[in-house]
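Visitor: One structure coming up, written as structure tokens, with questions to follow.
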Amino acid sequence: MKPYSLSAFLLLLVVYLGVQALTGQRGLLSGAARDELLQQRQAQLAELTEARADLEVRARYMRTGSLSRDLLEERARVVLGFADPRDYVVRVSTPVVPVTKPVTS
């Protein structure tokens with residue numbers, strides 16, 4: 001059995017590496033899943049880039065050198081929940097859904 005042990009080991013190694021090449025994380029058959037994940041990540045990157053650009057513009061307007069009074073007032077109203085006495089405030093209430101109790105027998 002001694003002369004065949006090296007051949008058997010090499011055969012098992014080739015089979016193992018072949019299976020991994022086809023079905024492993026970076027295998028040939030998992031390319032579609034990688035492409036789908038790449039598309040999701042690219043969409044997420046685009047959203048985050050847009051959000052970052054918006055935040056950078058807001059931060060630029062909040063600096064003392066170019067302070068935007070309108071933006072400052074808007075943020076203060078949103079955060080503190082206050083309104084100017086000259087503003088028209090329209091309160092919108094959500095409809096109340098009655099809670100139904102389950103019938104027990």
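Visitor: Could you give the alpha-carbon Rg of the chain over 2.2 N^0.38 Å, rounded to two decimals?
Guide: Here the Cα radius of gyration is 2.44 times the empirical estimate.
Visitor: Can you list the HN-Hα couplings for region 3-16, worked out from phi with the Karplus curve (6.51, -1.76, 1.60; θ = phi - 60°), rounded to whole Hz and with x for Gly and Pro?
Guide: Going residue by residue, I get x, 8, 5, 5, 5, 5, 4, 5, 5, 4, 5, 5, 5, 4 Hz, with x marking Gly and Pro.
Visitor: I need the phi-derived Karplus couplings for region 69-74: 6.51 cos²θ - 1.76 cosθ + 1.60, θ = phi - 60°, integer Hz, Gly and Pro marked x.
Guide: Result, rounded to whole Hz: 5, 5, 5, 4, 5, 4.
Visitor: By how many nm would the segment from Ala8 to Val92 lengthen if fully extended, with 0.36 nm per residue of separation less the alpha-carbon distance?
Guide: Full-extension gain reported as 22.6 nm.
Visitor: So for the chain, averaging the separation of alpha carbon pairs under 8 Å that are six or more residues apart and normalising by length, what relative contact order in percent results?
Guide: Relative contact order of the chain: 7 percent.
Visitor: Quick one: accessible area per residue over the chain, 1.4 Å probe, rounded to a whole number of Å²?
Guide: 100 Å²
Visitor: For the chain, give the percent of accessible area contributed by carbon and sulfur heavy atoms, probe 1.4 Å, rounded to a whole number.
Guide: Answer for the chain: carbon and sulfur cover 62 percent of the accessible area.
Visitor: Between Arg60 and Glu36, how high is the FRET efficiency from 1/(1 + (r/R0)^6) when r is the Cβ-Cβ distance and R₀ = 41 Å? Nearest 0.05.
Guide: After rounding, the FRET efficiency stands at 0.65.
Visitor: Hey, if you put +1 on the Cβ of every Lys and Arg and -1 on every Asp and Glu Cβ in the chain, which of Val19, Leu55, Ala32 ends up farthest toward the positive end of that dipole?
Guide: Ranked along the dipole, the leading option is Val19.
Visitor: Give a quick list of trypsin sites (Lys or Arg not before Pro) in region 1-65 that DSSP marks as loop, anything other than H, G, I, E or B, with at most 11 other Cβ atoms within 10 Å.
Guide: Qualifying residues, ordered by number: Arg26, Arg63.
The values are calculated or read from the model by the stated rules, or taken from the named source; none is laboratory data. Only a predicted model underlies this, so the values are computations on that prediction, with no experimental measurement involved. A quick note on method: Cβ atoms are made from the backbone with ideal geometry, for glycine too, and the neighbour counts reach across all protein chains shown. Note: accessible area is taken over every heavy atom of the protein model, side chains too, but ligands, DNA and RNA are not part of it. Shrake-Rupley method; radii C 1.70, N 1.55, O 1.52, S 1.80 Å.
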